[in-house]
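The values are calculated or read from the model by the stated rules, or taken from the named source; none is laboratory data. Model, not experiment: these values are computed from the prediction. Here the Cβ positions follow ideal geometry from the backbone for every residue, glycine too, while neighbour counts run over all protein chains shown. Keep in mind that these areas ignore ligands, DNA and RNA; they rest on the heavy atoms of the full protein, side chains included. Shrake-Rupley method; radii C 1.70, N 1.55, O 1.52, S 1.80 Å.
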Amino acid sequence: MGLEIYNSTVQAAVNWARKFSLFQYPFVTACCGMEFMSTAAPKYDLARFGAEFPRFSPRQADLLIIVGTITERQGPALRRIYDQMCEPKWVVAFGVCASTGGFYQNYSTMPGADQVVPVDVYIPGCPPRPEQVLDALILLQERIQRGEGHSQIVLKAEAGHDVPIAAIRPRDKGPQAAPIGTQPHAVRPESAK
Amino acid sequence: MSQLILDRLVATFTGGELEQIGTQHGNEWARVRRDAWRTVCAFLRDDPACDLKMPTDLTAVDRLSREPRFDVVVHLYSVTKKHRVRLYAGVPEDDCALDSLVPVWPGMEWFEREAYDLYGVRFRGHPDLRRILMYPEFVGHPLRKDYPKEKRQPLIRRSGFPGKPE
């Protein structure tokens, strides 16, 4: 009993620290990047919420912000970046394209980044206003404090705790992408010959 | 506007290389026989009266029910004379190939790769004809009218999502 109280108190303190020290990795692919820059710039100032530094290495980041349209071709790269991040980690889908594919309903666009990585917070909008982004960040902070981020739940379940949310998937390993650069690039499909 | 170009073409190519010429909205166009494609383009580039040194675009059109099925279109512009012309070449489906324009304008390399990627028109004499936008694993050519417009070919999916490869 005493240990559990100790654990929960420590967890609350750790989560409090985590939610105010988000190191973001902006995966910017499209026009939403403009709005992301605006959010990160002094006027709206993402840094007020502790998300101060964009780290351009996934190994130093714990918040993946997917900004813009994800194509099927980018899927393996996105998954690889997510796999490289240290746990616990969180994902925000910025804009309708990253959330659902947006108005692209065709052969090349992935219908939402959650097809390859688990997304914690979705921000609608085309593009979303900076206020929405800040709102999403606060929402994410609340989830982090409650320990309800995808990777937090996975870590808890792996440590043998009862996980409160029934809908949790088994640990999301996903298919590993083939190493970039090893795929034969000049191979032409049979139908094209 | 550029009737001069059509006049030059008609005067030069008398062996049936020009299948059709016309004007639409003030823009002149010519339909070129497939085997004269490169010759006509090289002439328009080198002829001092035409001086069409700048190819602004090359793409293909799928006219599914028509024969020949595909049109390859090139837009040419003259920086010095400030006139332009549009050339077509019909490409049938069963022999979906056309002479490459890379020997005439090296900048056509990526345009032809795009037309090959999205329409499946092969360009003879192209130095490096492979897909440019879609990934090498992609099967088929997505801008062909008989390609289902929402048919995705995912490279990767999380577990539990539809369309998961493997």
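Overview of results
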quantity: Residue match in segment A:104-118 (condition: of a type in the set (Phe, Trp, Tyr) and surrounded by fewer than 22 Cβ atoms within 10 Å (Cβ to Cβ)); calculated: yes
quantity: Matching option when the condition is at pLDDT 50 or above, within 14 Å of chain B (Cβ to nearest Cβ) and under 21 Å from A:Asn15 (Cα atoms), among A:Pro118, A:Pro111, A:Pro164; calculated: A:Pro118
quantity: Filter result (open to solvent by 10 Å² or more (accessible area, probe 1.4 Å) and closer than 22 Å to A:Ser151 by Cα) within segment A:93-103; calculated: A:Ser99, A:Thr100
quantity: When residues of segment A:30-70 are limited to those that are crowded, with 17+ Cβ neighbours inside 10 Å and polar (S, T, N, Q), the one modelled with the highest pLDDT; calculated: A:Thr69
quantity: Every residue from segment B:115-160 that is away from every other protein chain (no Cβ under 12 Å) and crowded, with 19+ Cβ neighbours inside 10 Å; calculated: B:Ala115, B:Phe123, B:His126
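Yes/no per residue for (1) surrounded by fewer than 16 Cβ atoms within 10 Å (Cβ to Cβ); (2) under 22 Å from B:Gly15 (Cα atoms):
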residue: B:Trp37; (1), (2): no, yes
residue: B:Ala42; (1), (2): yes, yes
residue: B:Asp51; (1), (2): no, no
residue: B:Leu64; (1), (2): yes, no
residue: B:Val74; (1), (2): no, yes
residue: B:Tyr77; (1), (2): no, no
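To keep it simple, each residue is scored yes or no on (1) farther than 18 Å from B:Asp35 by Cα; (2) under 16 Å from the mean Cα position of the chain (by Cα); (3) in a strand (DSSP E or B).
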| site | (1), (2), (3) |
| --- | --- |
| B:Tyr88 | no, yes, yes |
| B:Leu98 | no, yes, yes |
| B:Pro106 | yes, yes, no |
| B:Glu109 | yes, yes, no |
| B:Ile132 | yes, yes, no |
| B:Tyr135 | yes, no, no |
| B:Gly140 | yes, no, no |
| B:Lys151 | yes, no, no |
